[in-house]
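The values are calculated or read from the model by the stated rules, or taken from the named source; none is laboratory data. Note that this is a predicted model, so its numbers are computed, not measured. Note that each Cβ is placed from the backbone with ideal geometry, even for glycine, and that neighbours are counted across all protein chains shown. Just so you know, the surface numbers come from the protein's heavy atoms only, side chains and all, with ligands and any DNA or RNA stripped out. Shrake-Rupley method; radii C 1.70, N 1.55, O 1.52, S 1.80 Å.
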Amino acid sequence: MKGIPLLALSIFSTVFLSFTPLSKKYIVIDAGHGGDDYGAVYGSFNEKDITLSIAKEIQKLSGKQELYEVILVRDEDTYPSLSERTDQINKLNPEMVFSLHVNTSSQKETSKHGTEIYVQNAEDSKKLAGKIYKKFDVRKIEERNLHILRETKAPTVLVELGFINNSTDRNYVTSEKGQKEIAQKFVDIINGN
């Protein structure tokens, strides 16, 4: 008789433990600028709206799955300060962080185009940049002493997605098709594809 309660406990434990969810991993997307900080502006286009739209698309394309959850530093037109951003990120202790931006230069219209990636002085950040390099038309990868890179403990990259004052880049990053393609590339990177 002693064996039956032990067997029941064993079956209960096996069933219960098989339904215990694994702790989710977090991926953080920081949509640059926001609120009164428009970032780079060209005509009616501005960086804060472009980065937010792409961040939301990354979150949407990631959908509901068991492996990770995409968290947005901002999901509306607000401006968290740089230290608020890094505090929020460090509390989550994410697997990786993508800070999204749009580039500009001093010329009204520039021939400069493509993606620029800024990395931390850390191997994991550089590896993450290497994955982006395989998916995007990358002009350069450079180590920079920027707040988001310096103060975030997780592997972080700041990605300038293109030049707002280059017509080809601008048309791409502001179009629905371009934003969906950019977002899908990030989802592929997150998924290890």
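Odds and ends about this structure:
- Amide H contacts of ARG139 (H built 1.01 Å from N, under 5 Å, at least 5 apart or other chain): THR115, GLU116
- Look at (1) 13.4; (2) 18.5; (3) 10.4: the one that is mean projected area of the Cα convex hull in nm² derived from this structure is (1).
- Percent carbon-and-sulfur accessible area, region 52-173, ignoring ligands, DNA and RNA, probe 1.4 Å: 46 percent
- Remark: spin-label model distance SER81-GLU142 equals 2.8 nm, labels positioned 7 Å along the Cα→Cβ axis.
- Ignoring the sites themselves, the chain has its longest run without trypsin sites (Lys or Arg not before Pro) in a DSSP loop having at most 16 other Cβ atoms within 10 Å at 65-107.
- Sum of side-chain charges, ASN46 neighbourhood, beta-carbon under 14 Å (Lys, Arg +1; Asp, Glu -1): -3
- Accessible area expressed per residue, region 33-105, with surrounding protein chains retained (probe 1.4 Å, Å²): 51 Å²
- Relative contact order (percent, whole number), region 104-193, Cα cutoff 8 Å, 6+ residue spacing: 36 percent
- Charge sum, other residues only, whose C-beta stays under 14 Å from ASP87's C-beta, Lys/Arg counted +1 and Asp/Glu -1: +2
- Value of [θ]222 nm, deg cm²/dmol, for the chain, DSSP H segments ≥ 4, -39500 (n - 2.57) each, nearest 500: -13500 deg cm²/dmol
- The separation of region 118-192 from region 27-48, counted between C-alpha centres, amounts to 15 Å.
- Projected onto their three principal axes, the Cα atoms of region 23-79 cover extents of 42, 18, 13 Å, largest first.
- Antiparallel DSSP beta bridges within the chain, percent to nearest 5: 25 percent
- In region 32-80, chymotrypsin sites (Phe, Trp or Tyr not before Pro) in a DSSP loop with at most 16 other beta-carbon atoms within 10 Å: TYR38
- Interchain or long-range residues, amide H under 5 Å from THR110's placed H: ASN166, SER167
- Here the relative contact order of the chain, from alpha carbon pairs under 8 Å that lie six or more residues apart, stands at 24 percent.
- Toward the positive end of the charge dipole of the chain, with +1 on the Cβ of Lys and Arg and -1 on the Cβ of Asp and Glu, the farthest Cα among THR152, LEU128, GLY178 is that of LEU128.
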